[in-house]
1. Using only alpha carbon positions, build the gyration tensor of region 13-208, then give the equivalent ellipsoid semi-axes as the square roots of 5 times its eigenvalues, largest first, whole angstrom.
2. Hey, can you grab everything whose amide H is under 5 Å from the amide H of residue 297? Only 5+ residues off in sequence or another chain; H modelled, so Pro and N-termini drop out.
3. Mind listing the phi-derived Karplus ³J(HN,Hα) values for region 52-62, rounded to whole Hz, using 6.51, -1.76 and 1.60 with θ = phi - 60°, and x for any glycine or proline?
4. In sequence order, what are the phi-derived ³J(HN,Hα) couplings for region 165-173 according to the Karplus relation 6.51 cos²θ - 1.76 cosθ + 1.60 with θ = phi - 60°, rounded to whole Hz, with x for glycine and proline?
5. Can you run phi through the Karplus equation (6.51, -1.76, 1.60; θ = phi - 60°) for region 93-101 and list ³J(HN,Hα) in whole Hz, with x for Gly and Pro?
6. If neighbour count is taken as other Cβ atoms inside 10 Å, put 400, 38 in order from fewest to most.
7. Take the Cα pairs of region 173-232, get the Kirkwood Rh, then feed it into Stokes-Einstein at 20 °C and 1.002 mPa s and tell me D in µm²/s.
8. For q values of 0.13 Å⁻¹, compute log₁₀ I(q)/I(0) with the Debye formula on a Cα-only model of the chain, without solvent.
Amino acid sequence: MAQSITVPYEPRSAFIDFHQRNSRFAALVCHRRAGKTVSCVYELIIRALRTKKKRAKFAYVGPYRQQAKEIAWEYLKEGTDGFRKGQPRESDLKITLPNGSTIQLYGADNADAMRGLYFDGVVCDEYGDWRPSVWGEILLPTLMDRKGWAVFIGTMKGKNHFYHVLQRAKNEPDWHYMELKASESGILSEDDLKLMQDEMSPEQYQQEMECNPDAAVQGTYYASLIAAMEREGNIGEFPYDPNEMVHCAADLGFTDSTAFWFWQITSEGPVLIDYHEADGKDIEYYFKMLDDKGYEYADIWLPHDAGAKTFQTGRSTIEQFIDAKYPVKKVPRLAVQHGIDAARMILPKVRIDKENCYVGIEALRAYRRQFNEKTQQYANTPLHDWASNGSDAFRYFSLVTKTEAEGVVMEQERQPLIKPSEYTLHDLFKENEKRDYGILRL
């Protein structure tokens, strides 16, 4: 006889259509405290109980595993209390239901923990804070053979990759789309909304409470510049020209990702044609990647610390690149802020291929300053997260790229870089040329 189970959940009226959907995929953008996390945790529980599949697996994935635990773990334990099988596995953040289905929490920061698994359904929480490649490269394949479903939830943070998912959900038939603004949902009282308006900046309120993608994202370095480039058509279709040599700048991650930007110099300025990022790969992987691109390299710029010898090989990364016959140069050692200033100055002067550089563009859009919870202020140092590596590599590109081709020199924007009215990006590059950081080439 089938076991009768009562799930202790009464959905808010705004989420009933979501629970009754027939679509395989869903995207929900909701204001803070709307109840999207609770709804999605119970969506996992109910679907895991109802499934007829054997050994069914479901997942809740947050930007970080600890964040997923703090947000969803208590809801998951509370929602399955009295009928789950055994005790919750605190070390694995995993519960097992009477029919053998499991629900487990993961973090997108350690996406390799999900590589090679299968899932029957996943909830992707705060997807805009993820590395964009996690979905396509790791999570989507886990759903394929079992026709698994996925839900993307979050708050609006500009026109990032979560925004792109929302646009897809609006327009494609196999998607469910839900938008819930605080001014329309009726979930929070007028007094509470007024209190939040008083405590938040207008941009924050529009972004987090009114789901406005055009609200300025506070603390970001380049988001407004990227948006302007999109409006002006400087991010679009800009393919590789096989008649021109390619330049490359890399941020080498020894404990996290490694990122490469590829560009060509034209009479109209630099064109970024390609981007590559990978995590946990050895140096031979990157040599093969560089070769497989099929580009003829004018130079490959590596960070200044690539000259340090490693314990594993007894040689520096630069030495290994030289041995592999690559035309290596070393980026000058300058303060991070100087590189950020250089990136801000050069962004309006470049064009970027949207398709090949998608992940890099999103990294630039998401790159932001650290936020001090105690002082409620942004620091003058960057937040180290998934966007850092691509943004660091772009910073190196900004410090070393030339803006000339065939005798044509671009007019540089006369904005202060280091000293007011004394330093421009062009001056910085010329000074770097004079420095003895050397050309390393065989």
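Every number in this text was worked out from the coordinates using simple rules, so none of it is lab data. A quick note: this is a predicted structure, and the numbers were derived from the prediction, not measured. Because the Cβ atoms are built from the backbone with ideal geometry, glycine has one as well, and the counts that use them run over all protein chains shown.
1. Semi-axes (√(5λ), whole Å): 28, 19, 17.
2. 246
3. With the stated coefficients, region 52-62 comes to 9, 6, 7, 6, 5, 10, 10, 9, 10, 10, x Hz.
4. Those phi angles translate into 5, 4, 5, 5, 4, 5, 10, 9, x Hz.
5. After applying 6.51 cos²θ - 1.76 cosθ + 1.60, I find 6, 9, 10, 10, 9, x, 8, x, 5 Hz.
6. Lowest count first: 38, 400.
7. Working: Rh = 13.5 Å.
For these conditions, the coefficient is 159 µm²/s.
8. Taking Cα atoms of the chain as identical point scatterers yields -1.19.
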